[in-house]
Amino acid sequence: MKFAVSLHMERFSQQTPMSETMANVLALARLADAGGFETLWTSEHHTIECTISPNPFTTLTWLAQHTERIRLGTATLAAPYWSPIRLAGEAAMCDHLTGGRLEFGIARGAYQYEFDRMAGGIPQQEGVGYMKELVPAVKKLWAGDYAHDGHYWKFPVATSVPKPLQQPHPPIWVATRDPGSFDWAVAVGANILSTPLTAPASEVVALGEKFRKAVADHPEVPRPRFMMQRRTCVYDRPDDWEVAVRHSVEYGRYFENLMQNIGGVSNGFPEAVSFETVSNRASYDPASIRENLMFGTPDEVIEKLHLYEAQGVDQFSLGLSFNLPFELQARTLRLFSQEVIPYFAARERAHESAKPSTLVATA
């Protein structure tokens, strides 16, 4: 199992300057790069200060200039906000500007608040149709001349300019929790991004079962990779859990505003809604948050990660952007790189060395 980090610029107050927000993300990206993380993911969002990323390709191109090895991924682009030609060209350009480090992650889109402003107010659930038409069209544009006559887009013969640096194209990832989209993504050769959000460990198992079924139903394609993400905070002492849980619970008041479309947004800042108004308020019980999310000392985190490994997760992504203080985000990356990544790297080496030799003796 490899490890990634999910970051985006976030502001919860107008008193926080953008220069500070940018500096923090850059420092964390450098720590992740030096610490052996495989991928840095960042998402697309619009008009929301707590997730500042109107174009992830811009952010990733910037971070590429300050990192050396870490892969740089869009987790995720919102399919209804793009046209195939623009998306194919911008992704390919980003692939060149990052030295071939782009991971192309896409989704149907998350918040109805954004759909009302970016996609003509269509129901957020309809985003999956846009995604299923967009991905094949982008792949064909990357390959060469292609004309498209679809339900959502129509255009005469065109191609992606430039073509991607990685051939035939950057790895494609689809974010989903729905069995139908699992099946579709595997069928088109995409990898899977998923998250159990704040649900118990049983949801990790359920997502693993959906992945395994989709893979089993499509033996004609190579097994894709499977990434799972959780909010993460690693600390030195078991008693340090309260700070992480408090920030996660408080962040939930903004997240549920947007996810359930139940609150206002003023000048880009969502209001913190009362938990009495959310449909899943039991998910914010502090004891449940501590148990369900990737919060703990290095030893506690390693124990939790065994479940993800057992479910076939190839990459676990640390969700760091939930208004956690910068010092705790940095400490999380350091502890993870010093104590957690080496543990799983050693397990992988032991597993490889235990495999029988494939050499055949000849007379």
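The values are calculated or read from the model by the stated rules, or taken from the named source; none is laboratory data. Just so we're clear, the structure is a prediction, and the values are computed from it rather than from any experiment. Cβ placement follows ideal geometry from the backbone for every residue including glycine, while neighbour counts extend to all protein chains displayed.
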**Asked** Would a scan of the range 236-252 turn up a residue that is closer than 30 Å to Tyr113 by Cβ, surrounded by fewer than 16 Cβ atoms within 10 Å (Cβ to Cβ) and among the β-branched types (Val, Ile, Thr)?
**Response** yes
**Request:** Taking the residues in the range 312-363 that are part of a helix (DSSP H, G or I), among the hydrophobic types (A, V, I, L, M, F, W, C) and exposed (fewer than 14 other Cβ atoms within 10 Å of the Cβ) as candidates, determine which candidate is modelled with the lowest pLDDT.
**Result:** Ala354
**Request:** Scan the range 218-244 residue by residue and report those that are under 20 Å from Tyr308 (Cβ atoms) and part of a helix (DSSP H, G or I).
**Result:** Trp241, Ala244
**Prompt:** If we scan the range 71-80, do we find a residue that is surrounded by fewer than 21 Cβ atoms within 10 Å (Cβ to Cβ) and either more than 15 Å from the chain's Cα centre (by Cα) or farther than 26 Å from Glu133 by Cβ (or both)?
**Reply:** no
**Prompt:** So is Val215 assigned to a helix (DSSP H, G or I), farther than 28 Å from Ile48 by Cβ, more than 20 Å from the chain's Cα centre (by Cα) and among the aliphatic types (A, V, I, L, M) or not?
**Reply:** yes
**Message:** Here is a list: His66, His96. Which entry is surrounded by fewer than 18 Cβ atoms within 10 Å (Cβ to Cβ), assigned to a helix (DSSP H, G or I) and in contact (Cβ under 8 Å) with a residue 40 or more places away in the chain?
**Reply:** His96
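Table: residues versus (1) under 19 Å from the mean Cα position of the chain (by Cα); (2) under 18 Å from Thr58 (Cβ atoms).
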residue: Ala4; (1), (2): yes, no
residue: Ser13; (1), (2): no, no
residue: Ser19; (1), (2): no, yes
residue: Val25; (1), (2): yes, yes
residue: Glu38; (1), (2): yes, no
**Message:** The conditions are (1) in contact with a Phe, Trp or Tyr (Cβ under 6 Å, 6 or more places away or on another chain); (2) assigned to a helix (DSSP H, G or I); (3) not charged (D, E, K, R), and Ile192 fails exactly one of them. Which is it?
**Reply:** (2)
**Item:** Failed criterion for Trp142 (all others in (1) closer than 20 Å to Pro222 by Cβ; (2) surrounded by fewer than 20 Cβ atoms within 10 Å (Cβ to Cβ); (3) over 21 Å from the mean Cα position of the chain (by Cα); (4) touching a residue at least 40 places away in the same chain (Cβ under 8 Å) hold)
**Value:** (2)
**Asked** Say we look at the range 255-311 and pick out the residues that are acidic (Asp, Glu), surrounded by fewer than 16 Cβ atoms within 10 Å (Cβ to Cβ) and assigned to a helix (DSSP H, G or I); which of these is farthest from the chain's Cα centre (by Cα)?
**Response** Glu276
**Request:** From Glu250, Glu220, Glu242, grab the single residue that is closer than 20 Å to Glu10 by Cα and out of contact with any Leu (no Cβ under 6 Å at 6 or more places or on another chain).
**Result:** Glu250
**Request:** Looking only at the range 105-114, decide whether some residue is touching a Leu at 6+ places or on another chain (Cβ under 6 Å), in a helix (DSSP H, G or I) and under 30 Å from Ser266 (Cβ atoms).
**Result:** yes
**Request:** Can you give me the number of residues within the range 31-52 that are crowded, with 22+ Cβ neighbours inside 10 Å and among the small types (Gly, Ala, Ser)?
**Result:** 2
**Residue check, Gly89 assigned to a helix (DSSP H, G or I) and either among the acidic types (Asp, Glu) or in contact with a Pro (Cβ under 8 Å, 6 or more places away or on another chain) (or both)** = yes
**Request:** Enumerate the pairs (first residue in the range 338-355 and in contact (Cβ under 8 Å) with a residue 40 or more places away in the chain and charged (D, E, K, R); second residue anywhere and surrounded by 12 or more Cβ atoms within 10 Å (Cβ to Cβ) and assigned to a helix (DSSP H, G or I)) with beta-carbon separation below 6 Å, excluding pairs fewer than 6 apart on the same chain, so at least 6 apart or on different chains.
**Result:** Glu339/Pro298
